[in-house]
Amino acid sequence: MTDPTQNPDFLRDPYPTYAAMRSTSPVQHVPAGSGGRPSYLVTGYAEARAALGDARLSKDTAAFFAGNGSRRRLHPAVAHTMLASDPPRHTRLRKLVTKAFTPGAVAELRPFIVRTTDELLDQWPADEPFDFVAGLAVPLPVIVICELLGVPQAGRPDVRYWSAQLFAAGVPSVVDEASHAVADYMTGLIAAKRRHPGSSLLDRLISARDGDDRLSEEELVSLAVLLLVAGHETTTNALGNALLALLQHPAELDRLRAHPDEIPAALDELLRFDSAVNTATFRFTTEAITLGGTGIPAGVPVQVVLGAANRDPKRFPEPDRLVLDRNAAAHLAFGHGIHRCVGAPLAKTELEIALRSVLTRFPDIRLAQPHSNPNWRRTRLVRSLESLLILT
């Protein structure tokens, strides 16, 4: 199978390809490419939702790769994250972090998010092209998750760089190297916090580990890495995708500009329309299953394409239209089931505050290059803009 990230047309708009695949079958066998292994691709909404909630599809990737002779050298803290685990381990780890992302906990962060957004917008230049991704979509979520975890200012640029490297398409050595860099950094930060305790989420996780031994050292580092990377990557992508969608749909943009109080209700449709996570993280069958009428043998990878599922016309009529008053709450942009994104409440709060602030302060915001295609990152996992030039 040809690597789609090498096709600029696919990066710009993958949805026609997904539609063609889905029309053939919502679950397809993908032959092994050069150096790869065969897998199954899920593009239908009903099938994707079923797969995401099926306990027979394991997320224990370390076990899979160990049993298949992989030569990858991912750091154990990245290879064995909560996201790459099954119950009961997953249940135990998730319970430790869920409290940090309850509506009440996120509400406490709201003043900080508003203040940070305003400070970033204060730096935007007037009357010249400006990169929205670099000016808000990247720094806001990085600052927020680093503040939550207690990552010092000096380490934040490195955190963002390593995170981007972890999503490099088709370059396993780059991904592996970044996994060691970010894990080593968080190991050092945990050691520093043990010497000088604070009140951050990471400090609380350290206490949970040292106080009653609920977390092993590897689990502690792994949770820290996962929260750090996943805590900003999805929000960065969603923010860039949402603004681009609005700028390309002037009527919907005008609607939110005139009625900013409708932004919270519009977020689900924006998330559905251009999902920040393109393909869900790795799963494999622990036994033979049938999905969407397709038989899948045991021990093979299954890739759930969230972006394709969110454009399935069987679930969302006229899916290629952005309709802000559509009931899109059932979208799969945050996943589904026990692995649904634990940080979704924080991500939606950041999106709402950022879009409201931008549209209120810059009512004339527009694309600086309306007739050219934006630059997209070359990655399979996420749907992410490299840059988005705007004028205010």
TODO: Apply the Karplus parameterisation 6.51 cos²θ - 1.76 cosθ + 1.60, with θ equal to phi minus 60°, to every residue of the range 378-386 and state each ³J(HN,Hα) to the nearest whole Hz, in sequence, with x for glycine and proline.
DONE: 8, 8, 7, 5, 10, 9, 9, 6, 6
Open item on the list: What FRET efficiency comes out for His29 versus Thr281 if R0 is 25 angstrom and r is the Cβ-Cβ distance? Round to the nearest 0.05.
Closed with: 0.80
TODO: With θ set to phi - 60°, apply the Karplus curve 6.51 cos²θ - 1.76 cosθ + 1.60 along the range 11-24 and write out the HN-Hα couplings as whole Hz, x wherever there is a Gly or Pro.
DONE: 4, 5, 8, x, 5, x, 5, 4, 5, 5, 5, 5, 5, 6
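Sorted by packing (mean other beta-carbon atoms within 10 Å per residue), highest first, where do 230-242, 274-286 land?
Values: 230-242: 25.8, 274-286: 22.3.
Packing order, densest peptide first, comes out as 230-242, 274-286.
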Open item on the list: Starting from 0.36 nm per residue, how many nanometres of slack lie between Ser372 and Asp118 once their C-alpha separation is accounted for?
Closed with: 88.5 nm
Open item on the list: Give me, ordered by chain and number, the residues 5 or more places off Trp376 or on other chains with an amide H under 5 Å from its own placed amide H.
Closed with: Glu386
Task: the range 85-165 - percent relative contact order, Cα under 8 Å, separation 6 or more - done: 21
Open item on the list: Could you work out the pair-distance distribution P(r) of the range 247-301 from its alpha-carbon pairs, with 10 angstrom bin width and percents rounded to whole numbers?
Closed with: 18, 29, 18, 16, 17, 1
- [ ] Would you calculate the separation in nanometres between label points at Glu128 and Ala192, each defined as 7 Å from the Cα along the Cα-to-beta-carbon direction?
- [x] 3.4
Task: Rounded to whole Hz, the Karplus (6.51, -1.76, 1.60) HN-Hα couplings of the range 123-136, x for glycine and proline - done: 8, 5, x, 9, 6, 8, x, 9, 8, 4, 5, 5, x, 8
TODO: Write down the radius of gyration of the range 133-204 and its Dmax, each obtained from C-alpha positions, in Å.
DONE: 13.3, 40
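With contacts defined as alpha carbon pairs under 8 Å and 6 or more residues apart, what's the relative contact order of the chain in percent? Could you put the intermediate results ahead of the total?
Details: 606 pairs, mean separation 106.6, N = 392.
Over the chain, the number comes to 27 percent.
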TODO: Highest first, please rank the peptides 372-385, 347-360, 112-125 by the mean number of other Cβ atoms sitting within 10 Å of their residues.
DONE: 347-360, 372-385, 112-125
TODO: Using per-residue counts of other Cβ atoms within 10 Å, averaged over each peptide, order 97-110, 315-328 from highest down.
DONE: 315-328, 97-110
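Count the DSSP beta bridges whose two residues both fall in the range 4-391, then state the antiparallel fraction as a percent rounded to the nearest 5. Mind dumping the intermediate values first?
On the way: 19 of 22 bridges.
Antiparallel bridges make up about 85 percent of those DSSP assigns within the range 4-391.
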Open item on the list: Would the range 211-331 count as rounded, prolate or oblate if I go by the C-alpha gyration tensor, calling it rounded below 1.5 in a/c and otherwise prolate when a/b exceeds b/c, oblate otherwise?
Closed with: oblate
Open item on the list: Viscosity 1.567 mPa s, temperature 4 °C: what is the translational diffusion coefficient of the range 4-391 from Stokes-Einstein with a Kirkwood Rh over Cα pairs, rounded to a whole number of µm²/s?
Closed with: 60
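Would you calculate, for the chain, the mean residue ellipticity at 222 nm contributed by helices, counting each DSSP H stretch of 4 or more residues as -39,500 (n - 2.57) and dividing by all residues, to the nearest 500?
Values: 16 runs with 194 residues, N = 392.
Rounded to the nearest 500, the figure is -15500 deg cm²/dmol.
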Task: Distance between modelled label sites at Arg340 and Val174, nm, 7 Å Cα→Cβ extension - done: 3.4
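Rounding to the nearest 20 debye, state how big the charge dipole of the range 4-391 is about its Cα centre with +1 on each Lys and Arg Cβ and -1 on each Asp and Glu Cβ. Kindly include the intermediate steps, with their values, before the conclusion.
Numbers: 42 positive and 42 negative charges, 205 e Å.
That gives a dipole near 980 debye.
Bear in mind that the values in this text are calculations on the coordinates, not laboratory data. Worth saying up front: this structure is predicted, and the values here are computed from it rather than measured. All Cβ positions, glycine included, derive from the backbone under ideal geometry; neighbour counts span all protein chains shown.
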